[in-house]
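Asks: What follows is a structure written as C-alpha cells; I'll ask about it next.
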Amino acid sequence: MSTSRYASVLGLGFGDCGKGHFIDALTRRWQAHTVVRFNGGAQAGHNVVTPAFANSPSRHHTFTQFGAGTFVPGVRTLLVDPMIIHPTALLVEAEVLGRIGVNDALSRLMIDAQCRITTPFHQAAGLLRELLRGAAAHGTCGVGVGETVRHGLEHPDQELRYGDLPQCNPSKARRLLDRLQAIRETLLVEFLPQSPSWSVGALSSEFQTLKDETLAQKWLASARALARHCPPGSFEAIRTQLAQAGCVLFEGAQGVLLDECRGFHPHTTWSSINSPAVDGVAARFGIEAPIEHYGVIRTYLTRHGAGPFPTHDKLLDGLLPEPHNSGDGWQGAFRRGHPDTVLLRYALEAAGRLSGLFIGHLDVFQRGLSLKWCERYSVEPTLPQGPRTVERFPLGVREDLDHQHSLTHMLQRARPLYNAELIRSAPDFLERITGVTSLPIVFCSYGATCADVREN
Amino acid sequence: MGYGNYSSAAHAALTASRAHLGGSEVFAQRQCHPLMSPKGLKVRECRDSAEHPDSLGIVFALDVTGSMGDIPRLLATKELPNFMKLLTACGVVHPQLMFMAIGDANSDQAALQVGQFESTAELMDQWLTWSFLEGGGGGTGQESYDLALYLAAQHTDMDNWVQRKKKGYLFMTGDELPYPALSRHHIDALIGEKLDEDIPVEEVVAAAVETYHVFFLIPDLARRKRCEARWRELLGNHTICMESPADTCAVAAAIVGLTEKLIPDLDALAGILSGNGFDREHVGSTVRALQDYAALLKLPQSNYSSSAATPVGKWWKRLFE
C-alpha cells in the first residue's frame, strides 16, 4: 500500500501566476521529496523568494528547469517527457544556484532519457522566425522550445533525446554529430533564401549560428558534461523515484490560457497545461493513485509578451511592482490587468478536473490598491441579432484551431465591462471568486515568501 | 513564466566564441566557462557527507598561460585524472578536489577559473574539460597566482578546517613570478568584490596559509631559474622543483600523504609508487623532488635518491632487477 501523495500546480492565467512560489511553499509544508517538471521547457520562469532566517539573508532564484522546490535541501527535481530540455542552460542555472548557496542542484536532478533536447540551432531558428514576424510577433522567450517541438514533428529522423547524449562507442558518437549537423543544415537551407538581405544585426548573428560548422561539436561537449553529471533516467529509475513514499509535486509551466490547444492562437506555447496532461504523465509511470490538481491565480491578471489582454490597465503597470519579471529580453512588455471572470471561467473549464485553488498576491489590497472586477465583455456582434455582451467563451473541439482563432479575434476586440463595486480587500476578492467557482480556495498568499502562504 | 536568461547565456557562451576557432580538442572551451567564472562567487564548499565523513579539501591551481606550453594539457589529460587514485594509494581516504586555472589578470580574458570541490575523478575531469586554456599571459614574467591564493583564503569553506582544524592543501603549479600585490581592480573585475586597497602578495600568502598547506610546484628544472628564488622567499621549502611535469600528481599526492603522516618516509613512498605501476625513473624523480620537503618534516633522508645519476637503494634495486 503506497502512502504517496501526488499533487499538481497549474497556472490559470497567461503564466506568472505564482506556481513557483506555491511549489516552494507546498514542498516545505507537505515535505515533498520530488518536484516534477513535465511540460514546457527552459522558458518557464518560476520565481521563489525565501524568507530571511537568523543570519541568512533572503534568497531569490528564477527557476527555469530545476524544480521550484530546490531551495529545500534534499528535494529532487525530475524532468520528464514531454518537457523540452535545454542542457547548456541547465548548467548555467546550476551555477547560478551555486552562487546563492545551492551547490548540489545537479546531483539532485534526474532527466528522463525520453526528453527532447534543444540545440543552439533550434534556438537560433526560433529567434530568426520571431524576428521575421516583425510586428506580428507571437511573443517568444527565445529559448528554442517551440522550434524544437516543431522541428521534431517535421523531421522525426533528426529528433534528439536526452538519452542520446552519453558517449559510448565512436560510431554512435559520429552518428549523433551527424544528426546535429543535419538539424543545422536543414534549418540553414530553410533560411538561406532570405539571408542575403541580413548583413548585420540580430538576424545576421543568429544566421551565423546556423552557418557555424564547428558549433555542433562544441555544444555536444558541453551537453555531454551535463549527461555525465546527470545520466539519463531510465523508465524504471523514474518509476521508482515517483513511487517512493511521501509527496510528489507536479509543477506546471506557463498557464492554461497559453495552452497549445486551448490558448488564443497564435499566442500560445507548445505545451499542454491541464490536469489530464499530468494524469497522462503519471499513468505512463504506473502511478495509479489519484492526483490532486490545484489551479493558481493572482488577484490581478498579468501577461508577459504579445497577445490580447482586455483588462490590461497601464495604471496598474505603474502601481504593481514586478521585481523578477522585467520587460526586456525576447518577450516584450510585462503587463498587468484587472481580474477577468470571462478568462477565469474559460481557464477553469480548459484546465480539466481541479481539486482546489491557490490565490496569490492578496497583499495588494493591504497597500490601499483596489481592483476592478470584469464580469463580461462588450463585443461587436458578428450577426445583427447576435449577443452584444459575452460572459463565457465556449470550449471548442480539441485541436480546432479555427475556433481558437475566432476566440483570439473576439478577445482582441472585447471591451471589459466592470462591476460597479471596486474590490478593496482580500476577503472581498475571495468572496467574488466563490461566486465564479465552487472550488475550495485552499491556500492564499499575502507576500513573496513561503512564510506568507496561509491555509484558507 | 517567461524567462530566457540562462538559455541566452548558454547560447551566447557557445556562439560568441566563433572568433577564436582552431586550437585544442581537450579544452573545448573558447572562453571562460560560465560555471568556472568566479564572478559573484561567494564560497566554494568542501563538506563532509555520509559517504565522505572525513573530507579533506585539496585545491589544484594550474598556470594555463602560454609559457607553460603543453604542460597544462598534459596534466589535464594524462596526470590529473589519476590524481584521485594516487591520493587513495597514499592513504588519503576522502579527498575533495577543486581545480583552478590561473591566467594573467593583465592580459587574459579569464584570469582565474574556478571549479568546485569534487570527490570523484569523473566530476573532476569535467572541470578540466570546462577549463579554457588561454595560452596568453603576457611577457611580464608574472602571472596572477595571487588571485588563486586570495580565492582559496577568502572564498572556500572546508569542513576539515571548520570541524577539525585540519588545513587543506593548495598546490599551484607554474613557472612565473607572482605579482607583488593583489590588485583591488582585478578583484573587482573578476569577482565583483570591493577591496579598500591592494594587498601585498606576502599578506595574501599569509592569509591562504592560515587554512591551507600551500605549495608551489615548478614543472621542470629548466624552468627553475625563472622563479624559484622568489617562491622560496614566499613559501620556503614548500617550493618544490620537479624534474618533469609528469611527476606533478605523484609529488602532490605524496606531499599530502607525508604531511598527514599517512606515509612514514620517502622509502615507504617509493614502495607505494612502484606498487602503483610507476617505473623506476618516475619513482626516483618524484622522491628526489621531495627531498627538501621531507627534510622540513624531519623525515629521514631516503638512502637511494641523493643524485639523479644513482637513484638506487638496496631494496629498491631488488625490486627492479
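Asks: Would you confirm, using the coordinates I've provided, whether B:Asp63 is more than 10 Å from every other protein chain (Cβ to nearest Cβ) and modelled with pLDDT under 80?
Replies: no
Asks: Then there is this: Find the residue count for region B:292-321, including only residues that are surrounded by fewer than 17 Cβ atoms within 10 Å (Cβ to Cβ), in contact with a helix residue (DSSP H, G or I) (Cβ under 9 Å, 6 or more places away or on another chain) and at pLDDT 55 or above. Quick ask: steps written out before the conclusion?
Replies: Let us first name the residues in region B:292-321 that are surrounded by fewer than 17 Cβ atoms within 10 Å (Cβ to Cβ), namely B:292, B:295-298, B:300-301, B:303, B:306-310, B:312, B:314-315, B:317-321.
Then keep just the ones that are in contact with a helix residue (DSSP H, G or I) (Cβ under 9 Å, 6 or more places away or on another chain); that gives B:292, B:295-297, B:300-301, B:303, B:306-308, B:312, B:315, B:319-320.
Retained after the next criterion (residues that are at pLDDT 55 or above): B:292, B:295-297, B:300-301, B:303.
Selection size over region B:292-321: 7.
Asks: Could we say that A:Val96 is within 13 Å of chain B (Cβ to nearest Cβ) and buried (at least 24 other Cβ atoms within 10 Å of the Cβ) here?
Replies: Answer is no for this residue.
Asks: Another question, then. For region B:149-174, what are the residues that are of a type in the set (Gly, Ala, Ser), surrounded by 24 or more Cβ atoms within 10 Å (Cβ to Cβ) and not in a loop (DSSP other than H, G, I, E, B)? Step through it out loud before you land on a result.
Replies: Narrowing region B:149-174 to residues of a type in the set (Gly, Ala, Ser): B:152-153, B:168, B:174.
Narrowing further to those that are surrounded by 24 or more Cβ atoms within 10 Å (Cβ to Cβ): B:152, B:168, B:174.
Passing the criteria: B:Ala152, B:Gly168.
Asks: From the set of residues in region A:376-393 that are part of a loop (DSSP other than H, G, I, E, B) and closer than 14 Å to A:His409 by Cα, which is nearest to the chain's Cα centre (by Cα)?
Replies: It comes out as A:Phe393.
Asks: Which members of region A:206-260 meet the condition of being surrounded by fewer than 20 Cβ atoms within 10 Å (Cβ to Cβ), facing chain B (nearest Cβ under 9 Å), free of Cβ contacts under 8 Å to residues at least 40 places away in the same chain and assigned to a helix (DSSP H, G or I)?
Replies: Scanning region A:206-260 gives A:Gln208, A:Ala221.
Asks: Starting from region A:348-364, keep only residues that are under 17 Å from A:Glu431 (Cα atoms), then list their pairs with residues that are part of a strand (DSSP E or B) and of a type in the set (S, T, N, Q) whose Cβ atoms are within a distance under 6 Å, requiring at least 6 positions of separation or different chains.
Replies: A:Gly360/A:Ser445
Asks: Go over the candidates B:Ala246, B:Ala254 one by one and state the one that is at negative phi and either modelled with pLDDT of 90 or more or part of a strand (DSSP E or B) (or both). Lay out the reasoning, then the answer.
Replies: On the way: B:Ala246 fails: either modelled with pLDDT of 90 or more or part of a strand (DSSP E or B) (or both).
Answer to the check: B:Ala254.
Asks: Residue pairs, Cβ under 6 Å, 6 or more apart or interchain, first in region A:441-456 and farther than 9 Å from A:Phe358 by Cβ, second of a type in the set (Lys, Arg). List them.
Replies: Going by the 6 Å Cβ cut-off, the qualifying pairs are A:Cys450/A:Arg28.
Asks: Separate question: Those residues that are surrounded by fewer than 24 Cβ atoms within 10 Å (Cβ to Cβ) and within 18 Å of A:Met110 (Cβ to Cβ), I need them from region A:35-70; list them, please.
Replies: None; the set is empty.
Asks: Another question about this same structure. Considering only region A:365-375, state which residues are in contact (Cβ under 8 Å) with a residue 60 or more places away in the chain and not in a strand (DSSP E or B).
Replies: A:Phe365, A:Gln366, A:Lys372, listed by residue number.
Asks: Another question about this same structure. Residues in region B:175-192 that are in a helix (DSSP H, G or I) and within 15 Å of B:His155 (Cβ to Cβ): how many?
Replies: Just the residues of region B:175-192 that are in a helix (DSSP H, G or I), to begin with: B:184-190.
Now restrict to residues that are within 15 Å of B:His155 (Cβ to Cβ): B:186-188, B:190.
Selection size over region B:175-192: 4.
Asks: Pick from B:Glu197, B:Glu228, B:Glu233: which is more than 26 Å from B:Val64 (Cβ to Cβ) and of a type outside the set (Ser, Thr, Tyr)? Steps first, please.
Replies: Working: B:Glu228 fails: more than 26 Å from B:Val64 (Cβ to Cβ); B:Glu233 fails: more than 26 Å from B:Val64 (Cβ to Cβ).
Every option except B:Glu197 fails the conditions.
Asks: Cβ-Cβ below 8 Å, separation at least six or inter-chain, first residue in region A:283-311 and in a helix (DSSP H, G or I), second of a type in the set (Val, Ile, Thr) and surrounded by fewer than 19 Cβ atoms within 10 Å (Cβ to Cβ): which pairs?
Replies: Taking only residues 6 or more apart or on different chains, not a single pair turns up.
Asks: Here's another thing I want to ask about it. Answer with yes or no whether A:Met110 is more than 10 Å from chain B (Cβ to nearest Cβ) and surrounded by 23 or more Cβ atoms within 10 Å (Cβ to Cβ). Please lay out each step first, then the result.
Replies: Details: more than 10 Å from chain B (Cβ to nearest Cβ): yes; surrounded by 23 or more Cβ atoms within 10 Å (Cβ to Cβ): no.
No: the conditions fail for A:Met110.
Asks: Which of the residues that make up region A:64-89 are over 15 Å from the mean Cα position of the chain (by Cα) and either among the acidic types (Asp, Glu) or closer than 14 Å to A:Gln123 by Cβ (or both)?
Replies: Just the residues of region A:64-89 that are over 15 Å from the mean Cα position of the chain (by Cα), to begin with: A:69-78, A:87-89.
Scanning region A:64-89 gives A:Pro87, A:Thr88, A:Ala89.
Asks: Residues that are assigned to a helix (DSSP H, G or I) and either crowded, with 16+ Cβ neighbours inside 10 Å or of a type in the set (Ser, Thr, Tyr) (or both): does region A:166-174 have at least one? Working first, answer last.
Replies: Filtering region A:166-174 for residues assigned to a helix (DSSP H, G or I) gives A:170-174.
Next, from what is left, pick out any that are either crowded, with 16+ Cβ neighbours inside 10 Å or of a type in the set (Ser, Thr, Tyr) (or both): A:171.
There is at least one residue in region A:166-174 that is assigned to a helix (DSSP H, G or I) and either crowded, with 16+ Cβ neighbours inside 10 Å or of a type in the set (Ser, Thr, Tyr) (or both).
Condition check ((1) assigned to a helix (DSSP H, G or I); (2) among the basic types (Lys, Arg)) across all residues:
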site	(1), (2)
B:Glu203	yes, no
B:Phe215	no, no
B:Arg224	yes, yes
B:Arg230	yes, yes
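Asks: Please indicate, with yes or no, whether at least one residue in region A:188-200 is touching a residue at least 24 places away in the same chain (Cβ under 8 Å), over 29 Å from the mean Cα position of the chain (by Cα), within 14 Å of chain B (Cβ to nearest Cβ) and part of a helix (DSSP H, G or I). Lay out the reasoning, then the answer.
Replies: Let us first name the residues in region A:188-200 that are touching a residue at least 24 places away in the same chain (Cβ under 8 Å), namely A:190-191, A:194.
From the residues that got through so far, the ones that are over 29 Å from the mean Cα position of the chain (by Cα) too are A:194.
Those left that are additionally within 14 Å of chain B (Cβ to nearest Cβ): none.
No, region A:188-200 contains no residue that is touching a residue at least 24 places away in the same chain (Cβ under 8 Å), over 29 Å from the mean Cα position of the chain (by Cα), within 14 Å of chain B (Cβ to nearest Cβ) and part of a helix (DSSP H, G or I).
Asks: Can you tell me which residue is nearest to the other protein chains (Cβ to nearest Cβ) among those in region A:3-24 that are surrounded by fewer than 24 Cβ atoms within 10 Å (Cβ to Cβ) and in contact with a strand residue (DSSP E or B) (Cβ under 6 Å, 6 or more places away or on another chain)? Spell out how you get there, then give the answer.
Replies: Of region A:3-24, the ones surrounded by fewer than 24 Cβ atoms within 10 Å (Cβ to Cβ) are A:3-7.
Those still in the list that are in contact with a strand residue (DSSP E or B) (Cβ under 6 Å, 6 or more places away or on another chain) too: A:5-7.
On the way: A:Arg5: 26, A:Tyr6: 23, A:Ala7: 20 Å.
Here the answer is A:Ala7.
Asks: Do we find that A:Ala52 is among the small types (Gly, Ala, Ser), more than 30 Å from A:Arg150 (Cβ to Cβ) and either more than 13 Å from chain B (Cβ to nearest Cβ) or in contact (Cβ under 8 Å) with a residue 40 or more places away in the chain (or both) in this structure?
Replies: yes
Asks: Follow-up. For region A:150-159, check the following and say yes or no: at least one residue is assigned to a helix (DSSP H, G or I), free of Cβ contacts under 8 Å to residues at least 40 places away in the same chain, more than 14 Å from chain B (Cβ to nearest Cβ) and crowded, with 23+ Cβ neighbours inside 10 Å. Explain how you work it out, then say what you get.
Replies: Going residue by residue through region A:150-159, those that are assigned to a helix (DSSP H, G or I) are A:150-154, A:156-158.
Now restrict to residues that are free of Cβ contacts under 8 Å to residues at least 40 places away in the same chain: A:151-154, A:156-158.
Going one step further and asking which of them are more than 14 Å from chain B (Cβ to nearest Cβ), we end up with A:151-154, A:156-158.
Going one step further and asking which of them are crowded, with 23+ Cβ neighbours inside 10 Å, we end up with A:151.
Scanning region A:150-159 turns up at least one residue that is assigned to a helix (DSSP H, G or I), free of Cβ contacts under 8 Å to residues at least 40 places away in the same chain, more than 14 Å from chain B (Cβ to nearest Cβ) and crowded, with 23+ Cβ neighbours inside 10 Å.
The values are calculated or read from the model by the stated rules, or taken from the named source; none is laboratory data. Since the model is a prediction, treat every value here as computed from it, not as a measurement. Don't worry about glycine lacking a Cβ; one is built from the backbone with ideal geometry, like all the others, and counts go over all protein chains shown.
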